[in-house]
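Q: Pasting a structure here, questions to come.
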Amino acid sequence: MEAVVWARCATPADAAVIAALDARLRATGEDVGFAVTTQVHPEGRRAIRAHLTKLEPMLLLWIGGPLDTVTLAEAREANVPVVVIDLDETALDGIVSRWFPSRSRAILSQLNAVYTRDQSCADAFVAAGAPAERTYAVGLLEDPPAVLPFIESDRRDLAEALRNRPVWLATQTEAADVTGLAAAQRHAARRSHRLLLVAVAARAEDGPALVSQFEAEGLHASLRSLTSGPEESMQVHVVDTPAELGLWLRLATVTFAGGTLTQRAAQDPFEAAALGSVLIHGPRTAPYTARYDRLARAGATLQVDGQVGLGRAVEALLAADRVAAMAMAGWDVTSRGAEATDRIVTLIRNRLDEAGL
């Protein structure tokens with residue numbers, strides 16, 4: 001019999017994270033079904049009680065949004081453990097003011113675990129009655145970024161062939177991007193004459209045409225599928241092997257996120273940040289706007305408004321001390337999100353073991 005978890009999500013984005021949790025649990029052989037509600041939830045004691053009776057959940061995951069004392073009380077009456085996740089201090093608005101302090105503390109004290117976005121929020125929950133020993137500040141719950149694969153022997157070989165050349169990367173490169181990228185490469189190379197631009201083709205079949213375009217811009221260019229690696233005389237290396245994006249992100253100090261200066265979909269910034277490459281990006285960050293915003297708040301990205309500023313941005317990030325600090329900030333953002341999600345996966349698996357499911 002499949003175990004059921006009621007995932008009460010504040011937003012559709014939370015529901016997307018639940019889908020990732022589901023996939024991770026099923027990949028390890030766990031038989032769990034998530035009954036997800038978003039924005040519209042059962043209200044009133046009778047509706048909530050009927051919902052719990054129908055689902056018979058082994059766990060209620062409360063993700064984001066303000067707490068509803070009626071739902072929490074009904075879950076307690078039904079002996080359904082409650083874990084609240086991804087909360088900030090606004091989640092407590094109303095729960096203390098509407099209830100007598102003793103009743104609100106009783107409700108909060110019964111929570112099985114509280115995972116908050118930061119320490120100040122965790123302190124607020126404990127002050128309001130949540131159990132201190134089960135309240136944790138872990139950051140946002142989110143789908144952890146999949147670290148793009150690369151072959152370590154290939155990375156070592158290329159690193160040796162590059163002989164410490166500074167490398168910057170442009171993802172999702174199309175024909176319309178070449179003039180701007182070439183101008184940025186020429187500008188930044190004035191500070192570092194050995195600088196190499198690695199342009200990953202948006203479509204592998206466009207690789208030869210991109211090489212021709214860069215050559216027409218006056219830059220010596222080579223094609224990944226025809227060479228073992230860029231020679232010292234090359235200024236641009238066009239990668240027409242999409243599966244190698246992880247390899248080049250690992251080698252590049254700086255990455256320009258393709259699509260962020262145009263209308264097309266932006267590069268997922270966590271793919272670069274998770275591998276230690278600092279992001280330069282334009283203003284068009286959908287569908288990953290929330291991730292770009294988080295990295296920007298941490299000081300892990302540099303935004304440009306057009307191709308004119310791209311060369312100056314690359315030049316600025318050739319400073320080793322600055323780029324190292326930004327790379328560390330980006331890695332911290334991606335790893336904290338993974339920590340929160342990993343904790344929830346472990347918690348659900350432990351609950352399954354306890355229930356003998």
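The values are calculated or read from the model by the stated rules, or taken from the named source; none is laboratory data. If you're wondering where the values come from, they're calculated on a predicted model, not measured in any experiment. Using ideal geometry, Cβ is built from the backbone for each residue, glycine included, and neighbour counts are taken over all protein chains shown. Just so you know, the surface numbers come from the protein's heavy atoms only, side chains and all, with ligands and any DNA or RNA stripped out. Shrake-Rupley method; radii C 1.70, N 1.55, O 1.52, S 1.80 Å.
Q: Any residue at all in segment 147-157 that is of a type in the set (V, I, T) and crowded, with 19+ Cβ neighbours inside 10 Å? It would help to see each step written out before you state the result.
A: The initial filter retains those residues of segment 147-157 that are of a type in the set (V, I, T), namely 147, 151.
Filter once more, keeping what is crowded, with 19+ Cβ neighbours inside 10 Å: none.
Scanning segment 147-157, I find no residue that is of a type in the set (V, I, T) and crowded, with 19+ Cβ neighbours inside 10 Å, so the answer is no.
Q: Which numbered condition trips up R203, out of (1) surrounded by fewer than 18 Cβ atoms within 10 Å (Cβ to Cβ); (2) within 26 Å of the chain's Cα centre (by Cα); (3) touching a residue at least 60 places away in the same chain (Cβ under 8 Å)?
A: That leaves (3) as the condition not met.
Q: Quick one: T28 ticks every box in (1) of a type in the set (S, T, Y); (2) over 27 Å from D118 (Cα atoms); (3) open to solvent by less than 20 Å² (accessible area, probe 1.4 Å) bar one, so which box is it?
A: Result: T28 fails condition (3) only.
Q: Taking segment 1-53, which residues are outside any helix (DSSP H, G or I), touching a helix residue (DSSP H, G or I) at 6+ places or on another chain (Cβ under 9 Å) and either charged (D, E, K, R) or on the phi > 0 side of the Ramachandran plot (or both)?
A: Of everything in segment 1-53, those that are outside any helix (DSSP H, G or I), touching a helix residue (DSSP H, G or I) at 6+ places or on another chain (Cβ under 9 Å) and either charged (D, E, K, R) or on the phi > 0 side of the Ramachandran plot (or both) turn out to be R8, E30, D31, Q39, E43, G44.
Q: Just to verify a result, which residue in segment 274-321, among those that are among the polar types (S, T, N, Q) and closer than 20 Å to T262 by Cα, is modelled with the lowest pLDDT?
A: Residues of segment 274-321 among the polar types (S, T, N, Q): 277, 285, 289, 301, 303, 307.
Filter again for closer than 20 Å to T262 by Cα, leaving 285, 289, 301, 303, 307.
Working: T285: 92, T289: 89, T301: 94, Q303: 94, Q307: 80.
Result: Q307.
Q: Further question on the same structure: Give the number of residues within segment 178-194 that are surrounded by fewer than 22 Cβ atoms within 10 Å (Cβ to Cβ) and under 31 Å from the mean Cα position of the chain (by Cα).
A: From segment 178-194, those surrounded by fewer than 22 Cβ atoms within 10 Å (Cβ to Cβ) are 179-180, 183, 186-187, 189-194; that's our starting set.
Now narrow it down to the ones that are under 31 Å from the mean Cα position of the chain (by Cα): 179-180, 183.
Matching residues across segment 178-194 total 3.
Q: Quick one: D22 ticks every box in (1) open to solvent by 20 Å² or more (accessible area, probe 1.4 Å); (2) within 26 Å of the chain's Cα centre (by Cα); (3) touching a residue at least 24 places away in the same chain (Cβ under 8 Å) bar one, so which box is it?
A: Condition (3) is where D22 drops out.
Q: Please go through segment 292-328 and pick out each residue that is of a type in the set (K, R) and open to solvent by 40 Å² or more (accessible area, probe 1.4 Å).
A: Initially, segment 292-328 is screened for residues of a type in the set (K, R), giving 294, 297, 312, 322.
Listed by number, the residues that qualify are R297, R312, R322.
Q: Working carefully through the options V308, V254, V238, find the one that is under 30 Å from S153 (Cα atoms) and over 19 Å from the mean Cα position of the chain (by Cα).
A: On the way: V308 fails: under 30 Å from S153 (Cα atoms); V254 fails: over 19 Å from the mean Cα position of the chain (by Cα).
None of the other options fit; the residue is V238.
Q: Tell me which residues, restricted to segment 248-269, are open to solvent by 50 Å² or more (accessible area, probe 1.4 Å), touching a Ser or Thr at 6+ places or on another chain (Cβ under 9 Å) and in a loop (DSSP other than H, G, I, E, B). First the steps, then the outcome.
A: Just the residues of segment 248-269 that are open to solvent by 50 Å² or more (accessible area, probe 1.4 Å), to begin with: 250, 253, 263-265.
After this cut, where a residue has to be touching a Ser or Thr at 6+ places or on another chain (Cβ under 9 Å) as well, the list is 250, 253.
Across segment 248-269, the qualifying residue is only T253.
Q: Could you tell me whether any residue of segment 258-279 is out of contact with any Pro (no Cβ under 9 Å at 6 or more places or on another chain), in contact (Cβ under 8 Å) with a residue 12 or more places away in the chain, of a type in the set (A, V, I, L, M) and farther than 24 Å from P242 by Cβ?
A: Checked against the condition, which is being out of contact with any Pro (no Cβ under 9 Å at 6 or more places or on another chain), in contact (Cβ under 8 Å) with a residue 12 or more places away in the chain, of a type in the set (A, V, I, L, M) and farther than 24 Å from P242 by Cβ, segment 258-279 yields no hits at all.
Q: If you don't mind, another one. If the requirement is being farther than 13 Å from T171 by Cβ, free of Cβ contacts under 8 Å to residues at least 60 places away in the same chain and under 14 Å from the mean Cα position of the chain (by Cα), which of these qualifies: A290, A286? Quick ask: steps written out before the conclusion?
A: Values: A290 fails: free of Cβ contacts under 8 Å to residues at least 60 places away in the same chain.
A286 is the lone residue from the list that is farther than 13 Å from T171 by Cβ, free of Cβ contacts under 8 Å to residues at least 60 places away in the same chain and under 14 Å from the mean Cα position of the chain (by Cα).
Q: Tally up the residues in segment 187-244 that are in contact with a Phe, Trp or Tyr (Cβ under 8 Å, 6 or more places away or on another chain) and aliphatic (A, V, I, L, M), please.
A: 11
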